[in-house]
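Here's the structure we're looking at; comments come further down.
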Amino acid sequence: MADTTSSGPITDGAMVAALRPFVRATRPVLDGLRETDPFGLRARVAAVQGPDDERGVREKVLDFLASVEIPGTAAWASMQPAQRSRWWVRRVGRFTTLIAAIPGIGGVLAKRLPVSSALGAAGQGLVLVAIAGEHGVHDEDRLIGLLGAVLFRRELVVERPDAAADEVADARAAELTGDLDGADSRPTLPRIGSAVWRLGRALFAVEAELDKHPHGNWFHSALSNLPVVGVVGKYLGEWSGLKRAAREAEKRLKVA
């Protein structure tokens, strides 16, 4: 991988080149989370097929699950985009934030490497692409622009890649996707965790910009400098940053 930090400021073109495969690689993760249906919830019908006392326990349990607000259920279909966005932040975002916080166990020593910032930005990026999808935004260039603005405070000029650059982006996205693309690719927590790590490593290409991603206040930063308990400070800071990033993304998506 080329060193983009030694030749001056990172250009818009370099930012776009790093974010394009990132956006493409989020698709299998998010599609899996939206479409995986282990309990057959989507096949449930709203009407009760018979008197309640004639229905088995399994049927009652499945009907209850169908009423829970998760992708693929009737309850989910009735939710507003803002409500669905909060689901992504609270359910998926908490998990990706925890992944970002783990390097914080080393306290100030962990700050010598960009790992935590990269993972934080990657987790936020994954959730922001999901939020955009709930608002009907799937265009790759718009998503790149959204991530650039919210995560890195850059209003990027996004141009479509030529054939050669497009192939490079596809190949890089396939590397980042890993075992979440293909047969038996149901996203489990370990697979999602591995994907976030790969997405974070991909952002090393824009290392000089990573600290711009939304994060916590001075208290979170001070706490994250302490060994062992630093993971708590890092988690709280990244969680605060994710919520701010989601709010900003929502505003931009509503205006667009």
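Data for the structure
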| quantity | calculated |
| --- | --- |
| Residue satisfying all of: in the range 241-256; in contact with a Ser or Thr (Cβ under 7 Å, 6 or more places away or on another chain) and of a type in the set (A, V, I, L, M); surrounded by the most Cβ atoms within 10 Å (Cβ to Cβ) among these | L242 |
| Unmet requirement for G8, which otherwise passes all of (1) more than 20 Å from G133 (Cα to Cα); (2) surrounded by 14 or more Cβ atoms within 10 Å (Cβ to Cβ); (3) at pLDDT below 90 | (2) |
| Contacts under 9 angstrom Cβ, first residue in the range 233-256 being closer than 17 Å to L126 by Cβ, partner surrounded by fewer than 17 Cβ atoms within 10 Å (Cβ to Cβ) and of a type in the set (K, R), 6 or more apart | W239/R94; L242/R94 |
| Members of the range 68-100 that are at pLDDT below 85, in a helix (DSSP H, G or I) and of a type outside the set (A, V, I, L, M, F, W, C) | R91 |
| Considering residues of the range 75-99 that are closer than 18 Å to G237 by Cβ and of a type in the set (A, V, I, L, M) only, the residue surrounded by the fewest Cβ atoms within 10 Å (Cβ to Cβ) | L98 |
| Matching entry among L210, L189, L199 (being aliphatic (A, V, I, L, M) and either open to solvent by 30 Å² or more (accessible area, probe 1.4 Å) or at pLDDT below 75 (or both)) | L189 |
| In the range 146-180, residue modelled with the lowest pLDDT [restricted to those that are of a type outside the set (A, V, I, L, M) and open to solvent by less than 20 Å² (accessible area, probe 1.4 Å)] | T177 |
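The values are calculated or read from the model by the stated rules, or taken from the named source; none is laboratory data. Every value quoted in this text rests on a predicted model; they were computed, and no experiment measured them. Backbone-built Cβ (ideal geometry, glycine too); neighbour counts: all protein chains shown. Accessible surface areas use protein heavy atoms only, side chains included; no ligands, DNA or RNA. Shrake-Rupley method; radii C 1.70, N 1.55, O 1.52, S 1.80 Å.
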